[in-house]
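The values are calculated or read from the model by the stated rules, or taken from the named source; none is laboratory data. Being a predicted model, the structure only gives us computed values, none of them experimental. Positions of Cβ are backbone-derived with ideal geometry, glycine not excepted, and every protein chain shown enters the neighbour counts. All accessible areas refer to the heavy atoms of the entire protein, side chains included, with ligands and DNA or RNA removed. Shrake-Rupley method; radii C 1.70, N 1.55, O 1.52, S 1.80 Å.
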Amino acid sequence: VEEFAAVDETSFLYETAPAYMTDQPVFLNAACRVGTELGPVELLAALKQVENDLGRTESVRYGPRVVDLDILFYDDIVFETSELRIPHLHLAERDFVLGPLLDLAPELMHPVLGQSMRQLWRDLGAQPLTKVMPVGGQIWRWGEKTRVMGIINVTDDSFSGDGVLTGDAAIARAVAQAEQMAAAGADVLDVGGHSTRPGHALQPEAVELARVVPVIEALATVVDVPLSVDTFRSAVAEAALAAGAHMINDVWGMRYDRSVGSVAARHGAPLIVMDNRMQPEDGYYRNRVGDALSGTGDLLGDIHAELSNLLVRAQESGVPRWLLIADPGIGFGKGAADNMICLLYTSPSPRDIHH
């Protein structure tokens, strides 16, 4: 798509029941806002070529298809030919179109109907759509269940004392721990080779790579759950994904290495960004992440603002909204009372933290 259109912003990804022809699998739907120099007719031709490249073939109308790309709006123009109508003719009757559009432009006015996307959604009377995230060959449905992450610390200085870095036995211990966690119901396993306990020291990148990559390679062959790599370095994230990881968990939210977002985007991997208010003592480390985050005294408001900024940064790196997870960072530069507030108070709704 980069050849003819630059993606500016995406919606979340939604799972919806098939429309019109209902005897087929569920659909996955999303919307995006792009910038292009192509006119409407040329843009449609380019999109059809993308469909062909992705394996779409001619079939019955509204029947099963690999991909379906439509032009919903083109600025505020009204345009009609025998092959293309803008705005899209049926968007006001489709919840799977209006739902994603609410993420992008709830106040966008339909130039023909004279109503905003929010008004059209309200008039349709549709139920909220099911938000999903693809993770390691699985589809996670948000709100379906609490997802449990098992932590595998490939370090010798874990704050919890459960690190598995014990020389040649590290991989065997990690595998045993992973199998036990998977059997107990873990939904994802998070492998980290760099301690982030209070007072931790910055480790060389080569050390982190040597710890993480062999363990992920081993786990990828023995467990059936998605694997996450806990790292704030793009080179480690790249190597971990190549070794079999499916997700990146960045405790510095790309503040240490902004290229982490580019790695996630290139691999189509979910990215966790965290609110982190620690202050490293090491001068080089501190220069990379910057000073500790300041606050207004409104803890939840400050976390909300910081996470919103991090999510914008991730999308600017090319990560679609549906592959982003926001972590309030319990324990990272926060006192006991702050941590309790994070645990006890309901976080802002996903549509509030939407950037």
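Brief remarks on what is shown
- Residue match in the stretch 9-20 (condition: modelled with pLDDT under 95 and outside any loop (DSSP other than H, G, I, E, B)): yes
- Count of residues meeting criterion [open to solvent by 10 Å² or more (accessible area, probe 1.4 Å) and either of a type in the set (D, E, K, R) or closer than 18 Å to residue 147 by Cβ (or both)] in the stretch 248-260: 4
- Residue 287 being free of Cβ contacts under 8 Å to residues at least 12 places away in the same chain, in a helix (DSSP H, G or I), surrounded by 15 or more Cβ atoms within 10 Å (Cβ to Cβ) and out of contact with any Lys or Arg (no Cβ under 6 Å at 6 or more places or on another chain): no
- Scan of the stretch 9-39 for residues that are more than 14 Å from residue 101 (Cβ to Cβ) and either among the aromatic types (Phe, Trp, Tyr) or open to solvent by 80 Å² or more (accessible area, probe 1.4 Å) (or both), ordered by number: 20, 22, 23, 25, 26, 27, 28, 37
- Failed criterion for residue 63 (all others in (1) at pLDDT 95 or above; (2) open to solvent by less than 30 Å² (accessible area, probe 1.4 Å) hold): (1)
- Of the residues in the stretch 84-106, at least one is modelled with pLDDT of 95 or more and part of a strand (DSSP E or B).
- Exactly one residue out of 295, 261, 301 is under 29 Å from residue 129 (Cβ atoms) and free of Cβ contacts under 8 Å to residues at least 24 places away in the same chain, and it is 301.
- Residue check, residue 263 assigned to a strand (DSSP E or B), open to solvent by less than 20 Å² (accessible area, probe 1.4 Å) and closer than 20 Å to residue 191 by Cβ: no
- Residue in the stretch 162-185 that is over 30 Å from residue 285 (Cα atoms), part of a loop (DSSP other than H, G, I, E, B), open to solvent by less than 70 Å² (accessible area, probe 1.4 Å) and modelled with pLDDT of 95 or more present: yes
- In the set 101, 84, 113, only one residue is over 30 Å from residue 247 (Cα atoms) and open to solvent by less than 20 Å² (accessible area, probe 1.4 Å); that residue is 84.
- Meets criteria (free of Cβ contacts under 8 Å to residues at least 12 places away in the same chain and closer than 29 Å to residue 105 by Cβ) for residue 268: no
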